[in-house]
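Derivation of every value follows stated rules applied to the coordinates shown; laboratory data play no part. Note that the structure is a prediction, hence the values are computed from the model and not measured. Using ideal geometry, Cβ is built from the backbone for each residue, glycine included, and neighbour counts are taken over all protein chains shown.
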Amino acid sequence: MKLEDISVTVVGLGVIGGSFAEGLKKMGVSKVYGIDNDKSTLIKAKKNNIIDEGYESGEIPLAKSDLVIISLYPELLETFILENNNYFKKNSFITDVTGIKVKVLTEAAPKLRKDVDFILGHPMAGREKRGIDFADIGVFKNANYIIIKNEKNKEENLKILEEIINKLEFKNINYLSAKEHDEIISFTSQLTHAIAVSLVNSDDDKYDTNKFIGDSYRDLTRIAKINEDLWAELFLGNKENLLDKIEKFENKLDIIKEALKNNDIQTLKNEFIESTNRREKIL
């Protein structure tokens, strides 16, 4: 099946969902439908040519869609599947964008109809802002994309999804198991957010901090402006992995702490040299 022949529904027209819809329209798929519980979002998305039609429920668009992209929080994703299972087009396929995968694979995916192919995915992209107003396909440019390996997925559906991902200008497509995904994401995404939040919240407000920050503080705390509903769910949904990464981070911070207490300049230098070498390997 060619891209210009498929109809797609995007569920949840926030930053990621809205950006997907915008990109799909620009690459020329047959139809792009949007589902959102906010009517004003649907009106805005259609007015801005992000979608062809908008719906507050799934019955009509899902029955016409070859592909459904679900851009919802993990708990809402499972609820959406349960409430709309009878509406999905026969032999269609769906994908998601959630930041945790074991929970989705073990709790949500088994509830899906057997004829509907579920390809779990995770675009490693986002913004600190929320809503359709901040949707922009540029958020995907040069980002990484993770697809969860599943031998049950149909090859033709994987090829369609990969083509969409490439046309959205993601840099890499990586295949991982759900377990591998949650382990690495706990480090590269969730731990980094935990550090940023903790750093900002550790400010004792003795000074007007904003008058004294430089690029280091600004860069490190950019992601501290956080969606509390989403990230609380992501943290708790992957807590064992995240707790392990927090403990390892604390151990490395303790090395610096002890070196300071002991005036141990060589240990400090060694830590700085190691971090420099590691960072230079990151593109």
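Quick notes on this one:
- Sorted peptide list for 254-263, 177-186, criterion being average Cβ within 10 angstrom, highest first: 177-186, 254-263
- Distant-in-sequence amide H partners of Asp96 (H built 1.01 Å from N, under 5 Å): Ile70, Gly121
- Subtracting the Cα-Cα distance of Asp229 and Asn262 from their residue separation scaled by 0.36 nm leaves 7.7 nm.
- Ordering 242-252, 162-172 by mean Cβ neighbour count within 10 Å, with the highest value first, yields 162-172, 242-252.
- Given Lys2/Lys225; Lys206/Lys248; Lys152/Lys281, the pairs whose alpha carbons are separated by over 32 Å: Lys2/Lys225; Lys152/Lys281
- The DSSP beta bridges internal to the chain are antiparallel in roughly 15% of cases.
- Cα-based reach from Lys47 at 22 Å (exclusive), listing lysines while leaving out same-chain residues under 8 positions away: Lys25, Lys26, Lys31, Lys39, Lys64, Lys129
- Virtual spin-label span in nm between Glu240 and Glu56, 7 Å along Cα→Cβ: 4.2 nm
- Working note: Karplus 6.51/-1.76/1.60 with θ = phi - 60° gives the range 53-60 the couplings 8, x, 9, 8, 9, x, 3, 6 Hz, where Gly and Pro are set to x.
- Its Cα centre serving as origin, the chain has a Cβ charge dipole (Lys and Arg +1, Asp and Glu -1) of approximately 640 debye.
- Cα centroid separation, the range 1-30 to the range 57-134: 14 Å.
- The candidate values were [x] -0.26, -0.43, -1.23; [y] -0.34, -0.50, -1.40; [z] -0.31, -0.49, -1.29; the one computed from these coordinates for log10 I(q)/I(0) by the Debye sum over Cα atoms at q = 0.07, 0.09, 0.16 Å⁻¹ carries the label [z].
- Cα gyration tensor shape of the range 172-260, rounded if a/c is under 1.5, else prolate or oblate by comparing a/b with b/c: prolate
- Nearest 10 degrees, 0 to 90: helix 265-280 Cα axis against the chain principal axis: 20 degrees
- The range 5-74: GluC sites (Glu not before Pro) in DSSP loop, at most 14 other beta carbons within 10 Å: Glu56
- Modelled FRET efficiency - R0 22 Å, Arg218 with Arg127, Cβ distances, 0.05 increments: 0.85
- Two-site FRET efficiency, Asn91 against Lys141, from Cβ-Cβ distance with R₀ of 41 Å, rounded to 0.05: 0.80
- Förster-model FRET efficiency, 25 Å R0, Lys26 and Ser198, C-beta, rounded to 0.05: 0.05
- Couplings 3J(HN,Hα) for the range 39-44, derived from phi with the Karplus relation 6.51 cos²θ - 1.76 cosθ + 1.60 (θ = phi - 60°), are 4, 5, 5, 5, 4, 5 Hz, where x marks Gly and Pro.
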